[in-house]
Amino acid sequence: LGGGGDFYDIAFKVMLVGDSGVGKTCLLVRFKDGAFLAGTFISTVGIDFRNKVLDVDGMKVKLQIWDTAGQERFRSVTHAYYRDAHALLLLFDVTNKASFDNIQAWLTEIQEYAQNDVVLMLLGNKVDSAQERVVKREDGEKLAKEYGLPYMETSAKTGVNVDLAFTAIAKELKQRIMKVPSEPHFRLHDYVKRQGRGPFCCQS
Ligand code: GDP
Ligand code: MG
């Protein structure tokens, strides 16, 4: 229909995390608006979200995507938000080694504050910048494998793999919901509460 209305069957909260400058805001803008505003400084004050409804095998899955900022400096700000997140996209910048080295610290945070069964995916962003690239694909894959995470390489600039990453998250979330028996209209909140202490990572 393309009406752009906000009809959906099920909704999830997805949070973007990672060092400042890795491209979280740009990734969200790319996914939501299909645009990349080169050189434009998009400041995110505290925490902000955008909604997008995806069709996942005939089901309308709404992702409420939370863009975090400043938590790199004021980490405590987002701790409360971790608890509510159904999925986390953890980003580093393939042109910035420090952002890759910090992934371990982010995972420690996540293990401490997020739901144990949170759907988690590691993203290496800015793969369009081949010249400046310092983190190899194999390095990203190796780290992801160590933690049992799916890994994808994205570019908010060209859009490569951006829709794919969010769709993969939506599919994984939907599949998990489908495993919960016979309650068509249960609340996600209850779903999350009802989950036992499952595996830390998504199995993909
Ligand atoms: P955030 O702090 O994680 O939200 O990062 P931003 O989204 O604000 O992006 C930080 C900088 O990286 C900006 O100058 C963006 O233009 C740039 N940037 C973000 N994503 C990409 C990308 O995929 N490729 C390239 N080349 N630059 C990017
Ligand atoms: Mg930002």
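Counting only protein chains, not ligands or nucleic acids, how are K97, K174, K142 ordered by accessible area (probe 1.4 Å), most first?
On the way: K97 105, K174 30, K142 140 Å².
Descending order: K142, K97, K174.
The residues R137, R83, sorted by heavy-atom accessible surface at 1.4 Å with ligands and nucleic acids left out, run R83, R137 from largest to smallest. The simple spin-label model puts a point 7 Å past each Cα toward its Cβ; for D33 and R133 those points are separated by 2.8 nm. To the nearest 10, the accessible area of K157 is 110 Å² with a 1.4 Å probe. Put simply, the amide H of L91, placed in the peptide plane, has neighbours under 5 Å in V17, G18, L123, leaving out anything fewer than 5 places away on its chain.
The alpha-carbon of K174 sits under 20 angstrom from the alpha-carbons of these lysines, leaving out residues fewer than 8 places away in its chain: K13, K32, K52, K60, K62, K193. For region 81-172, the number of Lys pairs separated by eight or more positions or lying on different chains, with C-alpha atoms closer than 16 Å, is 6. For region 105-161, GluC sites (Glu not before Pro) are listed when DSSP marks them as loop and at most 11 other Cβ atoms sit within 10 Å of their Cβ; the list is E132.
Per-residue accessible area (protein heavy atoms, 1.4 Å probe) orders Y81, Y8 as Y8, Y81, starting from the largest.
The values are calculated or read from the model by the stated rules, or taken from the named source; none is laboratory data. Bear in mind the structure is a predicted one, so any value in this text is a computation, not a measurement. In this analysis, Cβ positions are derived from the backbone assuming ideal geometry, glycine residues included, and neighbour counts consider all displayed protein chains. In case anyone asks, the SASA skips ligands and DNA or RNA and just uses the protein heavy atoms, side chains included. Shrake-Rupley method; radii C 1.70, N 1.55, O 1.52, S 1.80 Å.
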